[in-house]
Amino acid sequence: MKGIFPLEKLERLQTPFYYYDAELLRQTLRAINQEAGKHEGFCVHYAIKANANPKVLKIIREAGLGADCVSGGEIEASIKAGFPNNKIVYAGVGKSDWEINLGLDNDIFCFNVESIPELEVINELAAAKGKVARVAFRLNPNVGAHTHANITTGLAENKFGIDMRDMQTVIEKALQMQNVKVVGLHFHIGSQILDMGDFEALCNRVNELQNELERHRIRVEHINVGGGLGIDYQHPNRVPIPDFKDFFDTYAKKLKLRDGQTLHFELGRAVVAQCGTLITRTLYIKEGRAKNFCIVDAGFTDLIRPALYQAYHKIENLSSDEAAETYDVVGPICESTDVFAKQIDLNKAHRGDLLAIRSAGAYGEIMASQYNCRRLPAGYISEEL
Ligand SMILES: *Cc1c(COP(=O)(O)O)cnc(C)c1O
């Protein structure tokens with residue numbers, strides 16, 4: 001073992017690969033269930049897009065969470081993993097006909113509708129099957145999140161959702177349709193949010209919108225506030241489990257649910273990020289004039305977050321205890337953005353050393369590509385090794 005890693009076992013596997021700590025994932029899920037369970041009517045879904053590895057999905061499904069999907073493929077993955085159809089929600093600005101039909105055929109819990117043209121298509125497709133689709137409107141609450149610009153979703157300028165000023169119009173339109181039933185309102189303001197003030201701002205907005213609906217004598221059954229809770233990328237060992245208490249308590253305190261309403265969450269990153277690590281092998285140490293490069297066999301095809309969002313991931317050398325030296329850790333791909341970290345300290349690295357790129361369980365394996373005709377990384381869970 002080195003830290004939390006079973007080094008002898010990892011040494012035998014072909015790198016690069018993802019390693020998932022099943023015990024940490026289970027502890028995280030217990031914390032979610034414990035904290036959400038303190039509040040009446042709270043239902044937690046897992047956002048499949050963060051990580052759809054079947055072994056990871058199985059553990060999450062066993063903990064009783066629902067599934068939040070953003071494509072037909074994710075609906076298929078959820079069903080295959082055993083999530084009950086009545087716990088599957090489906091959002092997305094561009095749902096294709098086959099994807100809507102898939103949702104209808106499986107009687108999913110709810111379509112989170114993002115535009116009027118989409119509502120019309122869902123109504124038509126449901127009519128063709130003689131069904132009534134349950135819909136929630138994804139409203140754009142124009143609430144900014146203090147996170148990276150590429151991962152805010154709740155501002156008026158973002159493509160997501162329906163302008164909240166049109167809420168009344170769309171609901172009235174839907175009430176006249178035969179094959180849709182309005183069951184809720186949906187929101188999602190962004191990702192990697194650590195400032196509870198951002199979630200409070202969303203709660204305030206939801207309260208305003210509910211008051212407005214009440215003036216028109218409309219009450220929905222469900223409020224869905226999406227996901228977005230961030231994790232501590234700097235300190236994966238010290239803070240392996242996000243502060244779910246603070247998160248759920250904020251909603252319990254600030255969001256005024258009406259009698260009988262349920263409050264739904266769609267957490268992705270906060271569930272899976274810390275349990276996943278990208279394990280890569282050092283190929284070469286290239287000693288440059290200005291700096292030293294640690295060239296590894298993983299690239300942005302395996303983990304794109306640093307290249308795409310300038311994201312920080314803590315990196316550790318699992319094979320060395322020698323005094324630290326400073327490196328740029330880079331991959332083999334023919335792009336200058338294929339860099340995992342610049343000017344970081346690692347225990348002195350040698351060819352063959354295993355490095356752990358931490359907090360990579362969310363938006364890691366699932367975003368892998370085959371650019372440069374590379375192989376996709378494997379994903380192993382601790383208990384299968
Ligand atoms: C991405 C997404 C989520 C999950 O976001 P996290 O930041 O990973 O918690 C939840 N809901 C919707 C609609 C999403 O698009």
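Assorted remarks:
- Of all residues in segment 234-255, those that are over 29 Å from Ile223 (Cβ atoms) have Cβ atoms under 8 Å from Cβ atoms of residues that are outside any loop (DSSP other than H, G, I, E, B), 6 or more apart or on another chain, in Pro240/Leu24; Pro240/Gln27; Pro240/Thr28.
- When Glu40 is tested against the conditions (1) touching a residue at least 24 places away in the same chain (Cβ under 8 Å); (2) out of contact with any helix residue (DSSP H, G or I) (no Cβ under 7 Å at 6 or more places or on another chain); (3) open to solvent by 60 Å² or more (accessible area, probe 1.4 Å), the lone failure is (1).
- Counted residues, segment 110-140 - those being on the phi < 0 side of the Ramachandran plot and open to solvent by 40 Å² or more (accessible area, probe 1.4 Å): 11
- Matching residues in segment 88-103 - criterion: being within 16 Å of the ligand (Cβ to nearest atom) and either surrounded by fewer than 20 Cβ atoms within 10 Å (Cβ to Cβ) or under 13 Å from Gly268 (Cα atoms) (or both): Val93, Gly94
- Being aliphatic (A, V, I, L, M) and closer than 23 Å to Gly190 by Cβ is a property that holds for Ile32.
- Exclusive hit being modelled with pLDDT of 95 or more, among the hydrophobic types (A, V, I, L, M, F, W, C) and surrounded by fewer than 19 Cβ atoms within 10 Å (Cβ to Cβ), set Val239, Val206: Val239
- Segment 296-325, residues that are surrounded by 19 or more Cβ atoms within 10 Å (Cβ to Cβ), hydrophobic (A, V, I, L, M, F, W, C) and over 21 Å from Val239 (Cα atoms): Val296, Ala298, Phe300, Leu303, Ile304, Ala307
- Test result for Thr262, away from the ligand (no atom under 14 Å from the Cβ), open to solvent by 30 Å² or more (accessible area, probe 1.4 Å) and touching a His at 6+ places or on another chain (Cβ under 8 Å): yes
- Residue in segment 363-378 that is open to solvent by less than 30 Å² (accessible area, probe 1.4 Å), in contact (Cβ under 8 Å) with a residue 60 or more places away in the chain and in a strand (DSSP E or B) present: no
- Test: residue in segment 178-189 that is open to solvent by 40 Å² or more (accessible area, probe 1.4 Å) and within 16 Å of the ligand (Cβ to nearest atom): no
- Assessment of segment 340-359 against the conditions (within 18 Å of the chain's Cα centre (by Cα), modelled with pLDDT of 95 or more and part of a loop (DSSP other than H, G, I, E, B)) yields at least one matching residue.
- Where strands (runs of 3 or more DSSP E) fall entirely within segment 266-326, those with at least 2 residues that are in contact with a Gly (Cβ under 8 Å, 6 or more places away or on another chain) are at 276-287, 292-296.
- Of the residues making up segment 203-239, those that are more than 23 Å from Leu119 (Cβ to Cβ) and within 16 Å of the ligand (Cβ to nearest atom) number 7.
- Qualifying residue in segment 273-280 (condition: closer than 23 Å to Ala91 by Cβ and of a type outside the set (D, E, K, R)): yes
The values are calculated or read from the model by the stated rules, or taken from the named source; none is laboratory data. Since the structure is predicted, the reported quantities are computational estimates derived from the model, not experimental observations. Neighbour counts are summed over all protein chains in view; Cβ atoms, including those assigned to glycine, are modelled from backbone coordinates with ideal geometry. To get the accessible areas, we keep the full protein, side chains included, count just its heavy atoms, and leave off ligands, DNA and RNA. Shrake-Rupley method; radii C 1.70, N 1.55, O 1.52, S 1.80 Å.
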